[in-house]
Ligand code: AMP
């Protein structure tokens with residue numbers, strides 16, 4: 001049974017979190033989040049708890065990764081609940097800065113991970129999205145100085161961008177990518193699932209069925225992109241879902257694959273009702 005540690009602390013400023021972490025036992029694990037915690041976040045927190053002496057969770061809805069017209073204003077926020085759940089998962093320190101603490105007047109720097117930032121979500125949401133992600137993650141890594149930082153496979157492109165950035169900039173941190181937590185019908189857990197009404201929530205499971213159908217073909221030896229994509233599109237069409245993209249890519253480079261010759265990532269994004277959802281699966285051809 002998990003128990004809230006009496007010692008969970010919330011830091012709001014960079015100076016405060018640095019002071020709190022100055023003498024804590026290492027290793028330190030960091031789980032960056034935008035809050036509205038669900039079982040996906042909690043699975044990351046548990047992995048961090050199991051492997052580290054100190055666990056830090058950041059809670060920051062990062063304006064820099066939202067484009068104009070996206071859901072920055074309506075993004076679900078409930079710090080009290082998030083802090084309680086974090087405590088139950090064994091988090092030691094919550095870092096919950098205000099926007100002005102992260103982006104003070106005159107802030108002028110951005111990190112750009114070329115190549116990995118442009119396709120898929122970069123093409124759908126604009127190249128600035130991953131610039132915003134990379135920049136805020138770099139700041140969080142500099143502020144918290146964790147030994148390990150945890151990210152979810154659900155946001156596979158984000159994980160790829162962060163991994164590349166940490167390598168390219170020689171950041172002394174291990175990047176761990178953790179499996180996607182799913183609802184019983186396969187829908188990947190997401191804070192944005194809160195936007196789905198009953199009927200759309202049922203339809204949304206079509207994303208997972210589409211990915212599963214495509215992965216099953218890859219695992220059965222199908223090599224042709226068109227055939228694999230068509231199987232996924234049939235499942236999407238069955239739920240009346242028109243994808244922003246359905247892509248079959250190299251899991252590391254995110255380059256499109258036309259003939260499967262090794263592991264591939266099948267990635268999908270779609271607007272369902274009021275929610276824009278993404279998901280992916282990695283599949284390998286038979287040996
Ligand atoms: P977010 O709060 O959406 O920025 O997510 C914070 C972290 O949790 C990111 O590394 C996400 O990839 C990860 N995450 C989100 N949903 C899931 C999920 N269903 N399973 C595992 N990790 C997830």
message = Can you list residue pairs whose Cβ atoms sit under 8 Å apart, with the first residue in segment 12-27 being touching a residue at least 60 places away in the same chain (Cβ under 8 Å) and the second being buried (at least 16 other Cβ atoms within 10 Å of the Cβ) and assigned to a helix (DSSP H, G or I)? Count only pairs 6 or more apart in sequence or on different chains.
response = 12/101; 13/101; 14/101; 14/143; 17/143; 17/144; 18/143; 21/144
note = Within segment 174-188, of all residues that are within 11 Å of the ligand (Cβ to nearest atom) and not in a loop (DSSP other than H, G, I, E, B), the one farthest from residue 158 (Cα to Cα) is 182
ask   = Name the residues in segment 124-161 that are near the ligand (Cβ under 9 Å from one of its atoms), in contact with a strand residue (DSSP E or B) (Cβ under 6 Å, 6 or more places away or on another chain) and part of a helix (DSSP H, G or I), would you?
value = 153, 154, 156, 159
message = Which pairs turn up if I take residues in segment 152-167 that are within 15 Å of residue 181 (Cβ to Cβ) and look for partners that are at pLDDT 95 or above and part of a helix (DSSP H, G or I) with beta carbon separation below 6 Å, at least 6 apart in sequence or on another chain?
response = 152/40
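The values are calculated or read from the model by the stated rules, or taken from the named source; none is laboratory data. All of these numbers come straight from a predicted model, not from anything done at the bench. Counting neighbours? That spans all protein chains shown, and the Cβs are built from the backbone with ideal geometry, glycine included.
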